[in-house]
1. Filter region 26-51 down to residues that are farther than 30 Å from Y98 by Cβ and open to solvent by 80 Å² or more (accessible area, probe 1.4 Å) and give me whichever is modelled with the lowest pLDDT.
2. Being within 23 Å of A163 (Cβ to Cβ) and out of contact with any strand residue (DSSP E or B) (no Cβ under 6 Å at 6 or more places or on another chain) narrows it down to one of L224, L233, so name that one.
3. Can we say L248 is crowded, with 24+ Cβ neighbours inside 10 Å, on the phi < 0 side of the Ramachandran plot and aliphatic (A, V, I, L, M)?
4. For region 92-138, give me the residue count where each residue is without any contact (Cβ under 8 Å) to a residue 24 or more places away in the chain and of a type in the set (F, W, Y).
5. Just need a number here: residues in region 155-181 that are polar (S, T, N, Q) and in a helix (DSSP H, G or I).
6. What are the residues in region 181-209 that are more than 23 Å from L225 (Cβ to Cβ) and open to solvent by 50 Å² or more (accessible area, probe 1.4 Å), if any?
7. Could you check region 184-205 and list, in sequence order, the residues that are over 14 Å from C81 (Cβ atoms) and assigned to a helix (DSSP H, G or I)?
8. When only residues in region 251-288 that are modelled with pLDDT under 80 and β-branched (V, I, T) count, which is surrounded by the fewest Cβ atoms within 10 Å (Cβ to Cβ)?
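The values are calculated or read from the model by the stated rules, or taken from the named source; none is laboratory data. In this text, all values refer to a predicted model and were calculated from it rather than measured experimentally. Neighbour counts run over all protein chains shown; Cβ positions are idealised from the backbone, glycine included. Side chains are part of the model used for accessible areas, which takes the heavy atoms of the whole protein and leaves out ligands, DNA and RNA. Shrake-Rupley method; radii C 1.70, N 1.55, O 1.52, S 1.80 Å.
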Amino acid sequence: MNRKKWKGNLLLLLTALIWGAAFVAQSAGMEQNGPFTFNTIRMILGGIVLIPCIALFDKMRHVRLGWRSADKNLWVGGCLCGVALFTGATLQQFGIQYTSAGKAGFITALYVIFVPLCRLFAGKRPGKLLWGSVALAAVGMYLLCMDGSLALSKGDVLVLLGAFGFTAHILIIDHFSQKVDGVRMSCIQFFVAGALSLVCMFLFEAPSVPAILSAWAPILYASLLSCGVAYTLQVVAQKDTDPTVASLILCLESVFAVLFGWLLLGETLSMKELLGCILMFVAIVLAQFA
């Protein structure tokens with residue numbers, strides 16, 4: 001594997017780590033705020049944070065790309081990413097209200113299977129080793145997250161539809177990241193997702209300033225790290241790695257969520273969950289040689 005791919009995969013690993021730790025923040029932020037309110041604030045703040053970063057990066061690279069003269073691909077890619085992100089995040093948030101967190105985590109991570117299947121239909125056939133890694137990761141996710149019936153509830157269906165949104169998000173990034181500035185595209189996606197969430201917030205929820213302020217810490221974490229840093233790292237890193245490998249690495253967020261719960265919150269880690277974590281990590285290592 002060349003140096004760029006190693007760098008991209010390590011950045012994706014850091015993305016999964018940040019997302020794993022963000023589960024606690026998202027849960028706390030949703031205690032007094034609706035899903036649309038929470039997503040509106042974190043998406044828009046995530047976009048705002050990137051604006052000075054873009055100016056700084058331009059200065060460091062001695063370029064002046066601007067926005068009006070930007071390539072059409074940048075705006076198309078950013079808007080499509082924003083719609084996919086809004087769809088996945090919204091369906092996941094609503095689905096979690098009607099199903100267990102473990103089951104939601106497993107179903108969401110099914111994008112690790114959906115991504116290579118979509119690429120297969122597009123005529124891009126993953127190798128046997130990569131398919132083996134995907135299968136191993138799916139088994140690991142099942143052991144890690146599932147504890148009960150496989151029957152689908154209303155919440156499970158919503159989360160499953162959300163997984164298709166995240167699948168589309170990964171594939172859209174794969175298509176456009178080679179053509180445009182990744183940080184700018186990430187910034188656009190946040191404002192698009194935030195704008196869609198804002199409309200839904202006023203239509204379906206009653207946002208409260210005291211409730212928002214009471215959740216300032218988890219909202220800031222979700223905005224600055226989960227959105228501003230992690231999603232931007234995903235866009236930048238996917239430029240140098242295969243989307244199937246990217247989906248494998250990103251689904252480690254569930255592993256990190258369990259590990260952070262064990263380390264920071266004193267939650268127990270069963271032998272089944274530990275075996276699931278081990279299988280997930282083995283799958284990621286195997287994928288690096290595919």
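1. Kept after step one, since they are farther than 30 Å from Y98 by Cβ, are these residues of region 26-51: 48-51.
Next, from what is left, pick out any that are open to solvent by 80 Å² or more (accessible area, probe 1.4 Å): 48, 51.
Details: I48: 93, I51: 89.
Of everything passing the filter in region 26-51, I51 is modelled with the lowest pLDDT.
2. Details: L224 fails: within 23 Å of A163 (Cβ to Cβ).
Just a single option satisfies the conditions, and that option is L233.
3. Yes: the conditions hold for L248.
4. Going through region 92-138 one residue at a time, the tally reaches 2.
5. The initial filter retains those residues of region 155-181 that are polar (S, T, N, Q), namely 167, 177-178.
Applying the additional criterion that residues be in a helix (DSSP H, G or I) yields 167.
Looking only at that region, the number is 1.
6. Taking region 181-209 and keeping what is more than 23 Å from L225 (Cβ to Cβ), we get 199-200, 202-206, 208-209.
Result: V199, F202, L203, F204, A206, V209.
7. S197, L198, V199, C200, M201, F202, L203, F204
8. Selected residue: T268.
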